[in-house]
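Quick notes on the structure that follows.
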Amino acid sequence: MRSFGVFLTFVFAFAGCTAQNNGVKTLKQVNLSSKLQEENVVLIDVRTPNEIASGYIPKTRFFLDVNHPGFDQKINELDTGFVYVMYCRSGERSSRAANQLIAKGFKNVYNLEGGISGYQGQLKQ
């Protein structure tokens, strides 16, 4: 019975971060808080400045508009040794941004499922 409990714990932990075919992992909303407590994890908002003005997820370290012409240059400045969690409004643009990081050789990149629209916590202004 105890081994069954350990098995279930493993299954639920694994389900929180599922891999996609391209190397980008999906991070479920319920796992965001614990992921941000880990070492070397960086939260990046890839929305526009106007969207950010309406609020953002606390602990966001970088605001890099994925549609800005300088986005590619900005991601070149990031350290490939960190773990990056990307988010936008719904998860579509952040998925595109995360794929760009993977294409540049980043190994630990997550896309926040549902983006800021799925975030249940208090937003920072």
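For segment 81-110, what are the residues that are within 15 Å of R47 (Cβ to Cβ) and either among the basic types (K, R) or touching a helix residue (DSSP H, G or I) at 6+ places or on another chain (Cβ under 9 Å) (or both)?
V85, M86, Y87, C88, R89, S90, G91, E92, R93, S94, R96, A97 - these are the residues of segment 81-110 that are within 15 Å of R47 (Cβ to Cβ) and either among the basic types (K, R) or touching a helix residue (DSSP H, G or I) at 6+ places or on another chain (Cβ under 9 Å) (or both).
In segment 20-46, which residues are touching a helix residue (DSSP H, G or I) at 6+ places or on another chain (Cβ under 7 Å) and closer than 21 Å to Q100 by Cα?
Of everything in segment 20-46, those that are touching a helix residue (DSSP H, G or I) at 6+ places or on another chain (Cβ under 7 Å) and closer than 21 Å to Q100 by Cα turn out to be N22, G23, V24, L27, K28, V41, L43, D45, V46.
Residues N99, N111: which one is in contact (Cβ under 8 Å) with a residue 60 or more places away in the chain, part of a strand (DSSP E or B) and not acidic (D, E)?
It is N111.
Looking only at residues in segment 39-62 that are open to solvent by 90 Å² or more (accessible area, probe 1.4 Å), in contact with a strand residue (DSSP E or B) (Cβ under 9 Å, 6 or more places away or on another chain) and of a type outside the set (K, R), which one is nearest to Y119 (Cα to Cα)?
Per the stated criteria, the residue is P49.
In this structure, is R93 closer than 20 Å to Q122 by Cβ, at pLDDT 95 or above and either open to solvent by 10 Å² or more (accessible area, probe 1.4 Å) or over 12 Å from the mean Cα position of the chain (by Cα) (or both)?
No: the conditions fail for R93.
Is there any pair linking a residue in segment 30-54 that is among the basic types (K, R) and outside any helix (DSSP H, G or I) to one that is open to solvent by 20 Å² or more (accessible area, probe 1.4 Å) and modelled with pLDDT of 95 or more, with Cβ under 9 Å and at least six apart or on different chains, and which?
Matching pairs, first to second residue: R47/Y56; R47/F63; R47/D65; R47/R89; R47/R93; R47/I116.
The values are calculated or read from the model by the stated rules, or taken from the named source; none is laboratory data. Please read these numbers as outputs of a predicted model, since none were measured by experiment. Cβ: placed from backbone, ideal geometry, glycine included. Neighbour counts: every protein chain shown. The area values use the complete protein model at the heavy-atom level, side chains included, leaving out ligands, DNA and RNA. Shrake-Rupley method; radii C 1.70, N 1.55, O 1.52, S 1.80 Å.
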